[in-house]
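*Asks:* Submitted below is the structure of interest, expressed as structure tokens.
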Amino acid sequence: MAEEKDYYKILGVDKAASADEIKRAYKKVAIKYHPDRNPGDKEAEEKFKEAAEAYDVLRDPEKRARYDQFGAAGVNGAGGFGGGTQGMDINDIFSHFSDIFGDMGFGGFGGFSGGTHRQSRPRYKGGDLRMKVKLSLQEIATGVTKKFKVRKNVVCPYCHGTGCEEGYSPETCATCHGSGYVVRSQRSFLGMVQSQEPCPTCGGEGTVITHKCKHCHGEGIVSGEEIVEIKIPAGVAEGMVVNVPGKGHAAKHNGVPGDIQVLIEEEPHPDLIRDENDLIYNLLLTIPQAVLGDTVEVPTITGRARIKIEPGTQPGTALRLRGKGLPAVKGYGYGTGDIVVNISVYMPESLSASERHAFEEMKKSGNMTPSPSIKDKIFKKFRSYFN
Ligand SMILES: [Zn+2]
Ligand SMILES: [Zn+2]
């Protein structure tokens, strides 16, 4: 490894330089030592590479922080140029910093795609749309199709996305003969270098529009509205995002439309509490119901279910209605849920004289106090809810 370099010194900035100052300083150094200006000058070439290496580190706040703390060792092998000038390829410098070389007027090397083997022309991509949808537990249980009126870019109805006035169609670009790129030969210290870049005439499309559609000004898209149907699968949960491909903004010149991302919000159910795919219901029994037993109804997502309460049911008992919870949704790891009925017992807050008398009588009965073995059994059951 070469001896420690001072990246700040190389660019001629001080340690507190802002990102903008660094960018400007790099541009200055790069112009000064640019190979086109210094043909055959090995020293200039070295300085040019050094500056690129320094800029690669200092323009990235994370790399810069590591460099400040650990020196060049902190940024070596962390992507980019790996710190050593030996490993740097002049083409990399041009393509990595095309944002700077692009406006320096030197014509980057393959700044468009970074390679010289580009085959296909770029297709435009429409933007994505994001929306929220609030669902009831019932809708979540069954899955639901929702309709939305969406404001977005739509394909121009007059030219059907071509961008051309009626009777015309896009013509093959005369500059690039339809390929979308031009090959530039450039003399550099590496010899003649050929590079490919997007055609300046057609912007890489390979075609030009001679008579633009007046409605979309040749773009092939206009702002509009569309009713979009979105299918939400069963079992989704608050915070999940359902992606609907192709329903977002239409793209210029019949390119690939964007997606709609739907964020799921869950409406709380009045009675049922969701725990993953289980639904918890708190059943409040009266003292006689818990003591004597009963048959009661509990709410489910689709209606009500009858359950039997055994005589002597203890508060805190959990009864499970298997498979009555929410369905499993593919890819989210929960199985089909249950309804879990948690038993509580209502204690009257005021008593009539006769009720008070009845309770006083009961208090005298030995049956009202659990035996040690029953106490133990109740405790074991209670403990099992937490395991
Ligand atoms: Zn149009
Ligand atoms: Zn062209």
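*Asks:* To the nearest 20 Debye, how big is the dipole of segment 281-328 about its Cα centre, given +1 on the beta carbon of each Lys and Arg and -1 on that of each Asp and Glu?
*Replies:* Approximately 240 debye in magnitude.
*Asks:* Let me ask you something else. Between the helical axis of 372-384 and the dominant principal axis of the chain, each derived from Cα atoms, what acute angle in degrees is found, rounded to the nearest 10?
*Replies:* 20 degrees
*Asks:* On a 0 to 90 degree scale, rounded to 10, what angle separates helix 19-33 from the longest Cα axis of the chain?
*Replies:* The answer is roughly 30 degrees.
*Asks:* While we're on this one: For Glu21 and Ala65, what is the calculated FRET efficiency with R₀ set at 22 Å and r taken between the beta-carbons, to the nearest 0.05?
*Replies:* That gives a FRET efficiency of 0.85.
*Asks:* Taking 0.36 nm per intervening residue step and subtracting the Cα-Cα distance, what contour gain separates Thr295 from Arg322 on full extension?
*Replies:* Difference between extended and current length: 7.9 nm.
*Asks:* Another one. Along its three principal axes, how long is segment 269-347 when you only count alpha carbons? Whole Å, largest extent first please.
*Replies:* 45, 22, 21
*Asks:* Also, quick follow-up: For the chain, what proportion of DSSP beta bridges, expressed in % and rounded to the nearest 5, is antiparallel?
*Replies:* 70 percent
*Asks:* Given only helices, namely DSSP H runs of n ≥ 4 each adding -39500 (n - 2.57), what is the per-residue ellipticity at 222 nm of the chain, to the nearest 500 deg cm²/dmol?
*Replies:* Rounded to the nearest 500, the figure is -7000 deg cm²/dmol.
*Asks:* Take the alpha-carbon centre of segment 312-386, take the same for segment 157-213, and report the distance between them in whole Å.
*Replies:* Comparing the Cα centres of segment 312-386 and segment 157-213, I get a distance of 76 Å.
*Asks:* Still on this model: In Å, the Kirkwood hydrodynamic radius of the chain over pairs of distinct alpha carbons?
*Replies:* 28.7 Å
*Asks:* I've got another one for you. Would you mind calculating the gained length between Arg151 and Ala73 on full extension (0.36 nm times residue separation, minus the Cα-Cα distance), in nm to one decimal?
*Replies:* Extra length from Arg151 to Ala73 when fully extended: 22.9 nm.
*Asks:* Excluding residues fewer than 8 places away in the same chain, name every one of the lysines whose C-alpha is closer than 26 Å to that of Lys23.
*Replies:* Qualifying lysines at Cα under 26 Å: Lys5, Lys9, Lys15, Lys32, Lys42, Lys47, Lys49, Lys63.
*Asks:* Taking the Cα atoms only, what angle lies between the long axis of helix 42-58 and the longest principal axis of the chain, rounded to 10 degrees?
*Replies:* 20 degrees
*Asks:* Right, something else. May I ask you to list the lysines whose Cα is less than 28 Å away from that of Lys247, ignoring any residue fewer than eight positions away on the same chain?
*Replies:* List returned: Lys125, Lys132, Lys134, Lys146, Lys147, Lys149, Lys152, Lys212, Lys214, Lys231, Lys330.
*Asks:* Return the Rg/Rh ratio of segment 210-327 with Cα-based radii and a Kirkwood Rh.
*Replies:* 1.34
*Asks:* Something else: Have a look at Ala328, Ile280, Val341 and report the one farthest towards the positive end of the charge dipole of segment 269-347, computed about the Cα centre with Cβ charges (Lys/Arg +1, Asp/Glu -1).
*Replies:* Result: Ala328.
*Asks:* Residues of segment 165-249: accessible area per residue at 1.4 Å, in Å²?
*Replies:* Ligands and nucleic acids excluded, the figure is 56 Å² per residue.
*Asks:* Report the relative contact order of the chain, percent, no decimals, based on alpha-carbon pairs under 8 angstrom and at least 6 residues apart.
*Replies:* 13 percent
The values are calculated or read from the model by the stated rules, or taken from the named source; none is laboratory data. Given the structure is predicted, the values throughout are model-derived calculations rather than measurements. When we count neighbours, we look across all protein chains shown, and the Cβ atoms used for this are built from the backbone with ideal geometry, even at glycine. Note: areas computed on protein heavy atoms with side chains; ligands, DNA, RNA excluded. Shrake-Rupley method; radii C 1.70, N 1.55, O 1.52, S 1.80 Å.
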